Amino acid sequence: MFGALKTVILRDLTLAMRHRSDVLTTLFFFIIVVSLFPLGVGPEPEQLRAMAAGVVWVAALLATMLSLGRLFSDDYADGTLEQLVLAPQPLSLIVLGKVIAHWMVAGLPLVIMAPLLGLQFGLSGDALIALMISLLLGTPALSLIGAIGAGLTLGVRGGGVLVSILVLPLYIPVLIFGAGAVESVSAGMGAEGHFALMGAILIMALLLAPWGAAAALRISVE
Amino acid sequence: MAINWFKYSSPATFYPLAGRLAVWFGIASVLLLVVGLYMSFFVAPTDYKQGEGYRIIYIHVPAAWMSMFIYFVMACWAAAGIIWRTRLSSMMALALAPTGAMFTFIALWTGSLWGKPMWGTWWVWDARIVSELILLFLFIGFMALNSAIDDARRAARASGVLAIVGIINLPIIYYSVQWWNTLHQGATIKFSTQGVQSEMSEIMLYSMLVMTFACWFYTIAVVMTRVRRIILEREGNSTWVKEMLQEER
């Protein structure tokens, strides 16, 4: 059974590596959105430091949401998804594999890039570490929750805009605790409470989201 | 005598029942609204701290309760529609959504009107207000997904999954005033093993309950009317609709 999980992850990673520009587009979107804020609100260091966590987190949310379209749509278009639904392995497991691959392609680069952007905003060392940990805990949850929305909007008119209406409200808790963790470190308090809550969100999402996304895919494919 | 519980799960038998329910609950809701408004404006005493401004509670709290309750009922109908594949269940879920969104909006709006004189601000980013705002987005997302998919059955099942996923927001709204230290006040009415405990005076509590029932009956009346329209729209080609329209003509 875990053979199937590994196969799906490797397959999706191989496919992503063959279309490297797709991966880089998400990352550059993230960088550009974050870079726009200092231009928009002005370069006062104090102000930038105060809003850094929120800006990086909102950009990560948007970047993840934009990349959700690729999660199932290619497989849906060429019929692979139907074969995956018919496969003897549980569909939720296959979905989990696809989500893990999606996170490694879309989420992990954001986590690695975030400290650099945080540095540009003048965050301190501790805050940068908190930002990385919060993104490391948060972005997998974003991919998991987003998979439900991506599954529901497969082949739907205006799916790209619709997925934002469906998914962004569900992302709000992750955003609040993720940005809150960095802010509480900047304010001199520990972020353990925020990290614990984000871990809880991640575990809940790991348990329930593959199942929900599998149900969504079954509806879309039938 | 065995009761056939599934008799009214068919749109054909439910349609006339919904019509009767809509009329009776509509009348009851208007009566309760008149009584409730009279009680809340003239009978209930002025609050010693907030003056007359507190009277907005008689619409704010019932609307907030109804918004959460309607979402819960909507998710239950959606789940029933997915599990048993009954057409009527998903129609009920669809019929509930606009009223739920309306009450969510009223709760936010009256809260904002109430917040200005009491807190000095129209809006604060406080846990309860944000989670109620998410509820509004969930209602809107449910309706948007429903209208984006042309095939009615697929639309019902897809939006049903969304409604079930979104139910996670309800405990967050309910407990937000306990989990976080918020500007929004905590629950005044508590349900516990000792029964209902209230920190309000009795007449205020009764006025609020009358208003809640008025909103509740209004919801039933409106939803029944709306579900009749949805039934006609979906079942327009079936024999019973044609026969019924022939008889009416």
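Out of (1) of a type in the set (A, V, I, L, M); (2) within 20 Å of B:Phe105 (Cα to Cα); (3) facing another protein chain (nearest Cβ under 9 Å), the odd one out for B:Val165 is which?
(2)
Just give me the residues in segment B:14-34 being surrounded by fewer than 16 Cβ atoms within 10 Å (Cβ to Cβ) and touching a Ser or Thr at 6+ places or on another chain (Cβ under 9 Å), in sequence order. Full working, then the answer.
Residues of segment B:14-34 that are surrounded by fewer than 16 Cβ atoms within 10 Å (Cβ to Cβ), as a first pass: B:16-17, B:19-20, B:23-24, B:27, B:30-31, B:34.
The one that is surrounded by fewer than 16 Cβ atoms within 10 Å (Cβ to Cβ) and touching a Ser or Thr at 6+ places or on another chain (Cβ under 9 Å): B:Gly19.
The conditions are (1) within 14 Å of another protein chain (Cβ to nearest Cβ); (2) touching a residue at least 60 places away in the same chain (Cβ under 8 Å), and B:Leu145 fails exactly one of them. Which is it?
With respect to (1) within 14 Å of another protein chain (Cβ to nearest Cβ); (2) touching a residue at least 60 places away in the same chain (Cβ under 8 Å), B:Leu145 is out only on (2).
Among the residues in segment A:187-206, are any facing chain B (nearest Cβ under 8 Å) and buried (at least 23 other Cβ atoms within 10 Å of the Cβ)?
Scanning segment A:187-206, I find no residue that is facing chain B (nearest Cβ under 8 Å) and buried (at least 23 other Cβ atoms within 10 Å of the Cβ), so the answer is no.
Report whether or not A:Ala179 is within 13 Å of chain B (Cβ to nearest Cβ) and of a type in the set (A, V, I, L, M).
Judged against the criteria, A:Ala179 is a match.
Of the residues A:Ser143, A:Ser134, A:Ser164, which single one is within 14 Å of chain B (Cβ to nearest Cβ) and not β-branched (Val, Ile, Thr)?
Answer to the selection: A:Ser164.
Cβ-Cβ distance below 6 Å, separation of 6 or more or different chains: which pairs start in segment A:148-160 with a residue that is more than 7 Å from chain B (Cβ to nearest Cβ) and end on one that is in a loop (DSSP other than H, G, I, E, B) and surrounded by 24 or more Cβ atoms within 10 Å (Cβ to Cβ)?
A:Ala150/A:Leu68; A:Gly159/A:Thr153
Out of all the residues in segment B:81-118, which are in contact (Cβ under 8 Å) with a residue 60 or more places away in the chain, out of contact with any Lys or Arg (no Cβ under 6 Å at 6 or more places or on another chain) and aliphatic (A, V, I, L, M)?
Matches in segment B:81-118: B:Leu88, B:Met91, B:Met92, B:Ala93, B:Leu94, B:Leu96, B:Met118.
Does segment B:60-77 contain at least one residue that is within 14 Å of chain A (Cβ to nearest Cβ), modelled with pLDDT of 85 or more and buried (at least 17 other Cβ atoms within 10 Å of the Cβ)?
Yes, that holds for at least one residue.
Taking the criterion of being within 13 Å of chain A (Cβ to nearest Cβ), at pLDDT below 90 and over 20 Å from B:Pro62 (Cα atoms), would at least one residue in segment B:100-119 satisfy it?
No: segment B:100-119 contains no residue that is within 13 Å of chain A (Cβ to nearest Cβ), at pLDDT below 90 and over 20 Å from B:Pro62 (Cα atoms).
When segment B:32-77 is examined, which residues are found to be of a type outside the set (Val, Ile, Thr) and not in a helix (DSSP H, G or I)? Before you say what the answer is, go through the steps one by one.
Going residue by residue through segment B:32-77, those that are of a type outside the set (Val, Ile, Thr) are B:32-33, B:36-42, B:44-45, B:47-55, B:58, B:60, B:62-69, B:71-72, B:74-77.
Of everything in segment B:32-77, those that are of a type outside the set (Val, Ile, Thr) and not in a helix (DSSP H, G or I) turn out to be B:Ala44, B:Pro45, B:Asp47, B:Tyr48, B:Lys49, B:Gln50, B:Gly51.
Are any residues in segment B:231-243 in a helix (DSSP H, G or I) and surrounded by fewer than 19 Cβ atoms within 10 Å (Cβ to Cβ), and if so, which ones?
Listed by number, the residues that qualify are B:Leu232, B:Glu233, B:Thr239, B:Trp240, B:Val241, B:Lys242, B:Glu243.
What about B:Ile134, is it under 21 Å from A:Pro173 (Cβ atoms), assigned to a helix (DSSP H, G or I) and modelled with pLDDT of 90 or more? It would help to see each step written out before you state the result.
On the way: under 21 Å from A:Pro173 (Cβ atoms): yes; assigned to a helix (DSSP H, G or I): yes; modelled with pLDDT of 90 or more: yes.
Yes.
Identify, please: which residue in segment A:146-185 is of a type in the set (Ser, Thr, Tyr) and over 16 Å from the mean Cα position of the chain (by Cα) and is, among those, surrounded by the fewest Cβ atoms within 10 Å (Cβ to Cβ)?
Checking each candidate, the answer is A:Ser184.
When B:Ala156 is evaluated against the numbered criteria (1) aliphatic (A, V, I, L, M); (2) more than 8 Å from chain A (Cβ to nearest Cβ); (3) over 17 Å from B:Ala95 (Cβ atoms); (4) surrounded by 21 or more Cβ atoms within 10 Å (Cβ to Cβ), which criterion, by number, is the only one it fails?
In the conditions (1) aliphatic (A, V, I, L, M); (2) more than 8 Å from chain A (Cβ to nearest Cβ); (3) over 17 Å from B:Ala95 (Cβ atoms); (4) surrounded by 21 or more Cβ atoms within 10 Å (Cβ to Cβ), B:Ala156 misses (3) alone.
The values are calculated or read from the model by the stated rules, or taken from the named source; none is laboratory data. These numbers come from a predicted model, not from an experiment. Note that each Cβ is placed from the backbone with ideal geometry, even for glycine, and that neighbours are counted across all protein chains shown.
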